[in-house]
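I have placed the structure first, in the form of structure tokens, so that the comments after it can refer back to it.
The values are calculated or read from the model by the stated rules, or taken from the named source; none is laboratory data. Computed from a predicted model, the values in this text were never measured in an experiment. Cβ atoms come from the backbone with ideal geometry, glycine included; neighbour counts cover every protein chain shown. Keep in mind that these areas ignore ligands, DNA and RNA; they rest on the heavy atoms of the full protein, side chains included. Shrake-Rupley method; radii C 1.70, N 1.55, O 1.52, S 1.80 Å.
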Amino acid sequence: MKTLICGDLLHCIDNPFYTDEAVEFIEDGALLVEDGLIIDKGKRETLLSKAGKDWHIEHHPNCTLTPGFVDTHIHFPQVDVVASWGTQLLDWLETYTFPAEAQFKDQAHAAEMAEFFLGQLLANGTTTALVFGSSHPNSVNALFEAAAAKHMRLIAGKVMMDRNAPESVLDTAESSYNDSKALIERWHGHDRLSYAVTPRFAPTSTDEQLAMAGKLMREHPDVYFQTHISENVDEIAWVKSLFPNCENYLDVYKQHGLLGPRSVFAHGIHLEDRELDDLKSHQCAISHCPCSNNFIGSGLFPLERIIKKGVKVSMGTDVGGGDSYSILRNLNESYKLQQLLNHNVSPSQLLYLATLGGAQSLNLQNNIGNFQVGKEADISVLDHNATTLIKRRVCGAATWQERWFAMSILGDDRIIKGVYLLGQWIGTSNSDPRID
Ligand code: GUN
Ligand code: ZN
């Protein structure tokens, strides 16, 4: 059966940080989907004229369809950490985060949280995410089980951490290797799931554990790698004292062979030029998490400098350091903080950061990120009438640029009417598409 999904189409066909004409807008457009893949795209009228008897037509009038948003950095076991008061990174980890993560040892707790967590991602228009679990393999099993049931594209890994944290969240170099390997064997490549080797950050891993992470990457060259880097100035000073023989923060990871085209580093606010050059030459990506950076007071992300260096960048919510699951809210925050730095990010660039940029950061540009024929039909449906304010501003806009910009600045979960995963509608019952 074929499904024709109709609405205004907006997607990136290229990277607008480096080229003009990177966005395609098709007013009153449609995507033809078969077996979860986009097989045609164009004006609704044109595609309707080719319609076969077996086509199912789902129409979203007064809505913009974008590729599903991609969140390249978020923490599953921090569901209950979000909006915790008062401290910066290292104290915030001790006070709120480690105690919350300790609870994910319990399978029933993890399973319940997995439903909530994935529900929040989808309600915010996010269809793909790169996720930190807790140090307990159970957390990743629960998350992958829930994602597989929805056929959601998800990449996740159990956190590796063998020092500088409470016993309840620590593993050992050996157990983290064995547990990660078992998870890779069970989940990597199953349904739409992939595994990411996930040392939390340099201060909570010994050299022995980072060597084990490198061993896992060599033994499984197609898995991902994720960690944190250069988020907070006290953290950077701590890393220098723990690893006196490393040239800089990135070098800690580099010495263990952890840099590559599937490596994603969260934050990277305070990186030196040499570190950016290394990230670029190893084709690594940075996940930019502005809500988190503001909320826990980490700093102002130098987007323009990083783009000039040619390093891949995309958006992360970093819940629970971040205070929102919404990629749109993160675009809003990013736009404002770049304004403070005298860098005016364009509407096209915001769209890219939320969609194709995420796909490219995850090396998934052949699967997701835009509406090119052959891509998986993961779609976010944004409602022009979501709130009275959005209705007034969005319906009054003269161009797609003005309209999309207003949606990205004013939008959050209320603007998301629903999403499609592989062409299957996931929405609330009162938001179903019109069947034409
Ligand atoms: N650095 C190490 N662990 C964490 C974490 O859980 N959240 C954030 N934002 N930074 C980290
Ligand atoms: Zn994080």
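Quick notes on this structure:
- Mean separation of Cα pairs under 8 Å and 6 or more residues apart, divided by the residue count, gives the chain a relative contact order of 21 percent.
- Farthest towards the positive end of the charge dipole of the chain, among the residues MET113, VAL345, ALA156, is the Cα of VAL345, using unit charges on the Cβ of Lys, Arg, Asp and Glu.
- Label-point gap, in nm, between VAL233 and THR387 - each point 7 angstrom along Cα→Cβ: 3.5
- Net charge over other residues, Cβ less than 12 angstrom from the Cβ of PHE225 (K, R count +1; D, E count -1): +2
- Summing charges over neighbours of LYS254, with a neighbour being any other residue whose Cβ is under 11 Å away from its Cβ, gives -3 when K and R count +1 and D and E count -1.
- Solvent-accessible area per residue for the chain (1.4 angstrom probe, square angstrom): 37
- Available extension along the chain between ASP35 and LEU340 is 105.2 nm, counting 0.36 nm per residue and deducting the alpha carbon span.
- Projecting the Cα atoms of GLY322, ALA397, SER241 onto the dipole axis of the chain, where Lys and Arg carry +1 and Asp and Glu carry -1 at the beta carbon, places ALA397 farthest toward the positive end.
- Projecting the Cα atoms of CYS289, GLN365, SER431 onto the charge dipole of the chain, computed from C-beta unit charges around the Cα centre, puts SER431 farthest toward the positive end.
- Whole-percent carbon and sulfur share, accessible surface of the chain, 1.4 Å: 48
- This model, with +1 at the C-beta of Lys and Arg and -1 at the C-beta of Asp and Glu, gives the range 69-325 a dipole about its Cα centre of some 800 debye.
- Summed side-chain charge close to PRO166 - residues other than PRO166 whose Cβ falls under 15 Å, Lys, Arg +1, Asp, Glu -1: -3
- HIS59/GLU304 FRET efficiency (R0 25 Å; Cβ-Cβ; nearest 0.05): 0.05
- Area accessible to solvent at ARG393, 1.4 Å probe radius, in Å²: 100
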